[in-house]
Amino acid sequence: MNKIIVLYVATWFMALFTVASTNELPAQTTSEVSVTTSDGKTLTGDLVAIDESDLHLKEGVKVATLPLADLSRLQFDRSSYPSQPMRLQLSGGSLLSVTAVTWTDQSVTVTPTRQSPLTFPVEQLRWIRFRMGNPATDPTWLGWIEESRRGDRLVVRRNEKALDSIDGTVLGISRKSVRFSMRGNEIEAPLEKLEGVMLSNQGESVSPAAIQLTDASGSVWACESLSLTRGESDLRVTLAGSIEHQIPVSQIREIRFAGGILPLAEAEIATSGYGTETTTSNASAVAIEMKKWFSPATEGGSIQMHVPGEITFRIPDGYQKLVVAARRDTDVNQFMAVRLQVLLDDRVQWSGVLQDRESLGLELPLGDAGRLSLKAAPLPKGDDPKTSTTETLPDLSGTLGGTVEWFSGRLLK
């Protein structure tokens, strides 16, 4: 009799455990996340699932359903992995950290850091940088990738301070070399000698992605949609061009919703001017009108600036990074060196010298700044363009330095 009672109790406990377990996620699949809604509220719990329209969050013993349309940000408590040297960008805006790239026929296969390989059509590839950048080479690289190109470009690091480029057609990429055609002649360029490759873009523009996901390796995935099935450990994402990939939830650091790109030319202008920063009360009417005439202007998505000139934008809440490039206006035929500066809340954060027709580019964290200024002025006499660190531009209102175009400017969340 006692044996029968023991068996009955044991069976009852097993049945109870089975029923309970069907209502709970396995411990290894739960992931604590902080959710910020579009109205600023914050919720904390375990991420259960994400479907086409909703996010399901476990708070204590309850599971809340939150419409994706009402969410602003998801943050996971993750540590970053060490940076890898190789990075690439897709035409849809995704910027990936990868450990390997191969290009055969019309398909490219990449291995994102600590993730499974991803294959996509070559038309979706914008550029690959094989080496880690540095302050000396970054302005040139960033300027070139923003330029419109009808052909491909092979970029070689001449030394630690300078880059060279060769225009032609990329035919393929192996683990050791890039196959490149230049004026009908094919070459095999060793990866160890290259900075990277840039593919033809013909002035293409990147539309803001609805969702941006950042993983622990530093990759930023521009997603059209994402989903997580209850009980699974991988998040499925769909990128532009219907490219699909799976990212382990354990590697996700942040997910941002509702776009994330604001063209700089569309940001609110706080002030703009030509020559000196202020106009005195006794300035002539002609001088005042001249300043208005030559003040920076936004045209076709870029910013045209007569030198010396300055323009200041207000930075909307939520934006974290500036990307912009600068070059001579196409109508400028005679050159003089021009000092470019980018300031955040009136403090110089970046400075470069524009010479000849090269482009210079930059990526700059915005921090908590509320104002962003772009400046350009002729380089003061005696300043060495390579070593000058002058932070204050002199009064050069009587000097004409031509016109500079700030292009591809955008603020990123």
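The values are calculated or read from the model by the stated rules, or taken from the named source; none is laboratory data. Quick caveat, the model's predicted, so the values are computed rather than measured. Positions of Cβ are backbone-derived with ideal geometry, glycine not excepted, and every protein chain shown enters the neighbour counts. Keep in mind that these areas ignore ligands, DNA and RNA; they rest on the heavy atoms of the full protein, side chains included. Shrake-Rupley method; radii C 1.70, N 1.55, O 1.52, S 1.80 Å.
Some points to look at:
- Segment 137-156: number of residues that are of a type in the set (Lys, Arg) and surrounded by fewer than 19 Cβ atoms within 10 Å (Cβ to Cβ): 2
To keep it simple, each residue is scored yes or no on (1) modelled with pLDDT under 60; (2) among the polar types (S, T, N, Q).
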| site | (1), (2) |
| --- | --- |
| Leu322 | no, no |
| Asn333 | yes, yes |
| Gly361 | no, no |
| Gly370 | no, no |
| Pro394 | yes, no |
| Glu405 | no, no |
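- Cβ-Cβ under 8 Å pairs, at least 6 apart or on other chains, segment 241-261 side surrounded by 15 or more Cβ atoms within 10 Å (Cβ to Cβ), far side among the small types (Gly, Ala, Ser) and assigned to a strand (DSSP E or B): Arg256/Ser72; Phe257/Ser72; Ala258/Ser72
- Every condition in (1) in a strand (DSSP E or B); (2) surrounded by fewer than 19 Cβ atoms within 10 Å (Cβ to Cβ); (3) hydroxyl-bearing (Ser, Thr, Tyr); (4) at pLDDT below 90 is met by Thr280 except one, and the failing one is (1).
- For segment 122-136, filtering for residues that are open to solvent by 40 Å² or more (accessible area, probe 1.4 Å) and either of a type in the set (A, V, I, L, M, F, W, C) or within 16 Å of Gln84 (Cα to Cα) (or both) leaves 3.
- Some residue of segment 172-182 being closer than 25 Å to Ser302 by Cα and loosely packed, with under 15 Cβ neighbours inside 10 Å: no
- Members of segment 122-175 that are of a type in the set (Asp, Glu), outside any helix (DSSP H, G or I) and over 22 Å from Arg328 (Cβ atoms): Asp152, Glu160
One line per residue, one yes/no per condition, for (1) open to solvent by less than 40 Å² (accessible area, probe 1.4 Å); (2) among the small types (Gly, Ala, Ser); (3) within 20 Å of Val170 (Cβ to Cβ):
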position	(1), (2), (3)
Asp77	no, no, no
Ser80	no, yes, no
Met86	yes, no, yes
Gly92	yes, yes, yes
Ser97	yes, yes, no
Asp105	no, no, yes
Thr113	yes, no, no
Phe120	yes, no, yes
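Every residue, every condition in (1) charged (D, E, K, R); (2) at pLDDT 90 or above; (3) open to solvent by less than 90 Å² (accessible area, probe 1.4 Å); (4) in a helix (DSSP H, G or I), yes or no:
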| residue | (1), (2), (3), (4) |
| --- | --- |
| Trp12 | no, no, no, yes |
| Phe17 | no, no, no, yes |
| Glu24 | yes, no, no, no |
| Val33 | no, yes, yes, no |
| Gly40 | no, no, yes, no |
| Thr44 | no, yes, yes, no |
| Leu57 | no, yes, yes, no |
| Thr65 | no, yes, yes, no |
